[in-house]
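Asker: Okay, here's the structure, questions in a sec.
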Amino acid sequence: MRGSRMTGAITSIAAAGTLLLGAAPAARAETLPARGGQVVVPDSSIEYPDEIGVSAHTNLRLFVPTGGMDRVEPPALNRRAGVGAAVGAPASGYYYLETPASLGCVYNLVAAPVAGCNPYAATVDPAGGARAIAIVDAYDDPTAAADLAHFSTQFGLATANFSVVYASGTKPAANSGWQIEEALDIEWAHAMAPGAKLYLVEAASSSLTDLLTAVGVASQLVSAAGGGEVSMSWGSSEFSGETAYDKSFTTAGVVYLASAGDSAGVIWPSASPNVVSVGGTALSRNPTTGMFQAELAWQQAGGGPSAYEVRPTYQSTISATTGAHRGTPDIAAVADPTTGVWVYEGGNWYIVGGTSVAAPVWAGIINASGHFYSSSATELAAIYASATGFTNVTNGDCGPYEGYLALGPWSFCTGHGSPNGKTNK
């Protein structure tokens, strides 16, 4: 296992992140500078050849702005009625990064969305959620509960009904890359379904054996709550024995979701026919006004025909594209780190992307839709049955040699599309 490699990179990013907040000057006009930055891949998201089929990696990207971020408090327009502190984006000095309210606006999850869904103007968070969502990740995030509470306060979300469960019965070791993953997963599942009971089920390690043990624990927790979702933002490149493990995702009343990956190709468990595979998009905003313009396929997102899984019945309508193989992804949501989301972990704010974002976002949306289907296959049958409730992403490309085009109504880049309200979820 290489889960602890390159933790110094995360430490240095965290040190830069402390520039985000602090003693702040008065809010200023929202004319944001056009500044660059770099995408950083934590070691937890790097897969080595000897790990395929043995352990899993996260699907996580961090965006680090050039020179750090300005120490600027959220603008006054984000001060909500009845809330004493400023609520909204944690810094206004860099780009238009997604908040729960802005993403809820873009995906038509809130009533009366603000024109253009500017993250500094959108103030209505998604609502709803019931029963349970279980997040499965590896290792321990010692600040998970405190970070989720801080995130919720920052964005005016309801206090989460949240529990951490050790899948092996013993607290795992901590791991910096996985800690950001865990913070991302719980914060954005809660943002989309604030009324759901939220579990973080921590596996003893990133081995597939330990992670699948955690999936079993998560499945029982969700089942006992009357149903819900299990979200998995991790995966391994496909391997010949993967089909033997597909039975891990068949607990009655549980819908399973997994990230489709952050590089060309297909990963498992996203490829499993018993899992909703979630791909990635990029959100285009006007660089001057912050107005939402379009949703595009994210070039780095995973997807394609599985090497080992046969095409399930619910994909019979796209057989001309997938042939006899299971095609991924099924659906998609924001994942490009340069159009990323805010995540709070260990006292620092991060700009985060990757299909690790898209999976918990979709888990929350499916939960808040209130259908609570009996299985992933039933959920997927509803998704594929109608275009209503989805935005057909028709721009961009992905895959080997950028060879897959997002042409719709289904593609290897974005599947059936991104969320448009809560219908057919």
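The values are calculated or read from the model by the stated rules, or taken from the named source; none is laboratory data. These numbers were taken from a predicted model, which means no experiment stands behind them. Don't worry about glycine lacking a Cβ; one is built from the backbone with ideal geometry, like all the others, and counts go over all protein chains shown. When the accessible area is computed, the model is the full protein with side chains, heavy atoms only, and any ligands, DNA or RNA have been set aside. Shrake-Rupley method; radii C 1.70, N 1.55, O 1.52, S 1.80 Å.
Asker: Round to a whole angstrom and tell me the spacing of the C-alpha centers of region 204-234 and region 379-393.
Answerer: 25
Asker: Which cross-chain or sequence-distant (5 or more) residues have an amide H under 5 Å from the amide H of ASP262, H modelled 1.01 Å from N in plane?
Answerer: Correct list: GLY302.
Asker: In degrees between 0 and 90, to the nearest 10, how far off the longest principal axis of the chain does helix 144-154 point, with axes built from Cα atoms?
Answerer: 50
Asker: Quick one, what does Rg over Rh come out to for the chain if you take C-alpha atoms and the Kirkwood Rh? Spell out each step's value before the answer.
Answerer: Working: Rg = 19.5 Å, Rh = 20.8 Å.
When Rh is taken as the Kirkwood radius, the ratio is 0.94.
Asker: ALA146 to ALA320: FRET efficiency via 1/(1 + (r/R0)^6), r the Cβ-Cβ distance, R0 35 Å, to the nearest 0.05? Spell out each step's value before the answer.
Answerer: On the way: r = 50 Å, r/R0 = 1.44.
Efficiency computed from Cβ-Cβ geometry: 0.10.
Asker: What's the center-to-center distance, using Cα atoms, between region 408-425 and region 142-203 in Å?
Answerer: Between the Cα centres of region 408-425 and region 142-203 lies a distance of 27 Å.
Asker: To the nearest 10 Å², what's SER411's accessible area with a 1.4 Å probe?
Answerer: Accessible area of SER411: about 10 Å².
Asker: Still on this structure: Out of region 249-356, which GluC sites (Glu not before Pro) are coil in DSSP terms and have no more than 15 other C-beta atoms within 10 Å? Show your work: numbers first, answer last.
Answerer: Working: sites: GLU295, GLU309, GLU345; in loops: none.
Here no GluC sites (Glu not before Pro) fit, given the DSSP loop and packing criteria.
Asker: Another question about this same structure. Mind checking the per residue accessible area of the chain for me, 1.4 Å probe, whole number of Å²? Don't skip to the end; give the middle numbers.
Answerer: Values: 14230 Å² over 425 residues.
For the chain, the solvent-accessible area averages 33 Å² per residue.
Asker: How far is helix 176-192 tilted off the main Cα axis of the chain, in degrees rounded to 10, range 0 to 90?
Answerer: The helix 176-192 is inclined about 80 degrees to the chain.
Asker: For ARG326, ARG311, ARG285, write out the residues from largest to smallest accessible area, computed with a 1.4 angstrom probe and no ligands counted.
Answerer: Numbers: ARG326 0, ARG311 85, ARG285 30 Å².
Accessible-area ranking of ARG326, ARG311, ARG285, largest first: ARG311, ARG285, ARG326.
Asker: With each label point set 7 Å from Cα along the Cα-Cβ vector, what nm distance links THR250 and TYR48?
Answerer: Spacing of the two 7 Å Cα→Cβ label points: 3.5 nm.
Asker: Taking amide H positions as placed in the peptide plane 1.01 Å from N, state which residues far from THR391 in sequence (5 or more) or on other chains have amide H under 5 Å from it.
Answerer: Here SER418, ASN420 satisfy the definition.
Asker: Something else: Considering amide H positions built from the backbone, and no H for Pro or chain starts, which residues 5 or more places from ALA134, or on another chain, come under 5 Å of its amide H?
Answerer: Close amide H contacts, sequence-distant or interchain: TYR199, GLU229, VAL230, SER231.
Asker: While we're on this one: Expressed as a whole percentage, what fraction of the accessible surface of region 194-243 belongs to carbon and sulfur atoms when a 1.4 Å probe is rolled over the protein heavy atoms?
Answerer: On the way: 630 of 1240 Å².
Its accessible area is 51 percent carbon and sulfur atoms.
Asker: Grab the Cα-Cα distance for THR388 and ALA174, subtract it from 0.36 nm times how many residues apart they are, and report the gain in nm with one decimal. Walk me through the intermediate numbers first.
Answerer: Values: separation 214, 0.36 × 214 = 77.04 nm, distance 4.25 nm.
Stretched out fully, the THR388 to ALA174 stretch lengthens by 72.8 nm.
Asker: Here is a follow-up. Report, in degrees rounded to the nearest 10, the 0 to 90 angle that the Cα long axis of helix 355-369 makes with the longest principal axis of the chain.
Answerer: Taking the Cα atoms of the chain, the angle to 355-369 is about 90 degrees.
Asker: Mind checking the full-extension length gain between ASN286 and THR243? Use 0.36 nm per residue of separation minus the Cα-Cα distance, one decimal, nm.
Answerer: Values: separation 43, 0.36 × 43 = 15.48 nm, distance 4.42 nm.
Full extension from ASN286 to THR243 adds 11.1 nm.
Asker: Would you work out the charge dipole size for region 198-298 about its Cα centre, treating the Cβ of every Lys and Arg as +1 and the Cβ of every Asp and Glu as -1, and quote it to the nearest 20 debye? Provide the component values of the computation, followed by the final result.
Answerer: Values: 2 positive and 8 negative charges, 39 e Å.
About 180 debye.
Asker: Keeping all protein chains in position, work out how much accessible area PHE372 exposes to a 1.4 Å probe, and write it in Å² to the nearest 10.
Answerer: Rounded to the nearest 10, that gives 40 Å².
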